[in-house]
Amino acid sequence: MSSVVNNSNSNSALVNTINASESKVNPNVYSTKTIYPAAAVVYEKTDKSSGTIGVGNTITFDLMKYGIAQQMLFCYTKGGTHGSAAYDFLHVIDRIELLSSSKVIDTLTNLDLVAQFSNLDTSQYATVEASCIGARAKNATPDYVYCVPLVFGFFKDVNTNLNLQFNEGMSIRVKFGPNANMGADAGTTNDVKDAYLKMRYKVYNEADYSEILTQNYNEPELSVLTTGFYDENIAVATLASGKNDNGAGTPIELKNTDCVNDFYICVRQQMTSPTQPQPPLQISRVRFTASGQELFDLSGEELFHSRLCHNGFSLAGAEGEPANRIVKIQMGLWEYSGTGTQSNTISLRELNNPIITVYFSVPDLGQNPVERKYDVSVVEDAVKICSTVSSSGRTQVSLTN
């Protein structure tokens with residue numbers, strides 16, 4: 001029976017060309033796939049080493065010189081009496097910094113976190129929605145725990161995870177927002193009671209760890225390719241009473257000169273006090289121009305297709321979720337976490353007058369005809385090279401463009 005098919009294939013020029021290719025691999029020729037060495041995996045709690053929890057305050061966590069950090073979770077608790085609205089972490093967190101020898105090497109602002117969440121597929125988004133984004137109902141007891149994943153560029157690939165056992169002392173610094181104590185009831189106080197890190201460490205046996213030291217630090221410096229966020233200055237769009245769109249658009253001049261992989265555009269109503277967290281609003285059009293050329297201009301349903309994947313189709317975030325309203329301009333291809341592919345970037349240094357113009361509309365304001373202001377933000381995920389000095393373990397940013 002099979003001879004009919006094989007005979008037909010043998011007379012095909014295309015099939016014969018494919019079979020003669022160097023890329024041909026017979027899947028039934030047994031070969032062992034990549035095997036990682038066995039290692040111990042442990043989760044450890046890290047309490048703050050300095051600072052005070054509270055509105056506008058800063059706390060610091062000194063990371064243990066132990067193993068290789070695979071995951072970092074910032075956890076905090078709040079009472080349930082007043083509950084918390086969705087996106088409460090936007091009030092709680094202003095920014096979180098990763099430091100090496102007391103120098104900042106990477107930063108995640110609250111908008112950077114939202115941008116990251118908007119780039120997740122549905123199954124990944126469900127995790128952060130349940131642990132830190134979703135609203136919490138009023139409940140006297142017990143306290144609610146919020147868990148925010150801190151995915152700095154080093155954690156996007158197993159190959160660049162931080163070797164805390166070798167690196168010079170590293171720490172995490174958390175700055176709380178000016179409205180960190182807000183509750184779901186406008187005007188109520190709902191303080192952060194506790195804050196800590198939950199770290200996942202991978203610890204190799206002595207022989208495998210010696211191989212890491214020999215291979216990675218046999219030169220004066222180890223340089224790794226990673227990414228980090230840069231936040232452009234926020235532009236303010238003012239909508240007159242009764243007006244529900246920003247007309248000719250709100251331009252944002254890009255001041256960054258790094259090599260950018262992805263741009264994330266977000267529109268939020270400005271916070272007033274007291275207020276609830278303001279989630280992203282729907283964007284109707286985004287236009288990117290530079291050096292007199294139009295590089296990107298998509299609107300409406302076209303924006304659904306801006307996150308192009310390797311197979312030619314595009315990715316959509318979690319359906320109906322506000323984070324999915326963030327528009328992404330990507331220079332390369334969308335990739336699943338852990339692939340480690342640097343598919344493309346754009347250098348902003350030599351571009352003349354790069355501007356992203358954002359158009360948006362809001363629900364009919366007729367029932368509340370007052371002037372309103374909206375923050376229009378652009379955050380950029382840029383590529384950079386970080387180096388670790390082999391003699392001391394000091395890690396620093398060595399090249400951004």
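The values are calculated or read from the model by the stated rules, or taken from the named source; none is laboratory data. In this text, all values refer to a predicted model and were calculated from it rather than measured experimentally. Here the Cβ positions follow ideal geometry from the backbone for every residue, glycine too, while neighbour counts run over all protein chains shown.
Below is a table of values for the structure above.
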| item | result |
| --- | --- |
| Residue in region 269-292 that is modelled with pLDDT of 95 or more and of a type in the set (Lys, Arg) present | yes |
| Filter pass, Glu301 being in a strand (DSSP E or B) and surrounded by fewer than 12 Cβ atoms within 10 Å (Cβ to Cβ) | no |
| Residue match in region 33-42 (condition: of a type in the set (Phe, Trp, Tyr) and within 19 Å of Val158 (Cβ to Cβ)) | yes |
| Filter result for Ile53 (of a type in the set (Val, Ile, Thr), assigned to a loop (DSSP other than H, G, I, E, B) and within 19 Å of Tyr196 (Cβ to Cβ)) | yes |
| Condition met for Asn167 (modelled with pLDDT under 95 and in a loop (DSSP other than H, G, I, E, B)) | no |
| Region 220-273 - residue that is within 21 Å of Ile329 (Cα to Cα) and among the polar types (S, T, N, Q) and, of those, surrounded by the most Cβ atoms within 10 Å (Cβ to Cβ) | Thr227 |
| Some residue of region 77-99 being more than 21 Å from the chain's Cα centre (by Cα), in a loop (DSSP other than H, G, I, E, B) and of a type in the set (A, V, I, L, M) | yes |
| Which numbered condition Tyr209 fails, given (1) over 22 Å from Ser392 (Cβ atoms); (2) outside any strand (DSSP E or B); (3) touching a residue at least 24 places away in the same chain (Cβ under 8 Å) | (1) |
| Filter result (in a strand (DSSP E or B) and not aromatic (Phe, Trp, Tyr)) within region 197-206 | Leu197, Lys198, Met199, Arg200, Lys202, Val203 |
| Residues satisfying the stated conditions in region 89-103, i.e. out of contact with any helix residue (DSSP H, G or I) (no Cβ under 8 Å at 6 or more places or on another chain) and of a type in the set (Asp, Glu) | Glu97 |
| Unmet criterion (only one of (1) of a type in the set (S, T, N, Q); (2) surrounded by 13 or more Cβ atoms within 10 Å (Cβ to Cβ); (3) not assigned by TED's automatic domain parsing to the domain that holds Val376) for Asn205 | (2) |
| Long-range neighbours under 6 Å by Cβ, at least six apart or interchain, first residue β-branched (Val, Ile, Thr) within region 72-83, second surrounded by fewer than 19 Cβ atoms within 10 Å (Cβ to Cβ) | Thr77/Asp143; Thr77/Val145; Thr77/Lys193; Thr77/Asp194; Thr81/Ala140 |
| Hits in region 16-38 - residues which are outside any loop (DSSP other than H, G, I, E, B) and closer than 30 Å to Val203 by Cα | none |
| Some residue of region 156-164 being surrounded by 15 or more Cβ atoms within 10 Å (Cβ to Cβ), in a strand (DSSP E or B) and at pLDDT 95 or above | yes |
| Residues of region 252-272 satisfying the condition of being in a strand (DSSP E or B) and either free of Cβ contacts under 8 Å to residues at least 12 places away in the same chain or under 19 Å from the mean Cα position of the chain (by Cα) (or both) | Cys259, Val260, Asn261, Asp262, Phe263, Tyr264, Ile265, Cys266, Val267, Arg268 |
| Selection within region 192-251 - aromatic (Phe, Trp, Tyr), within 19 Å of Cys386 (Cα to Cα) and under 25 Å from the mean Cα position of the chain (by Cα) | Phe229, Tyr230 |
| Unique residue being in contact (Cβ under 8 Å) with a residue 60 or more places away in the chain and part of a strand (DSSP E or B) when the list is Thr289, Thr275 | Thr289 |
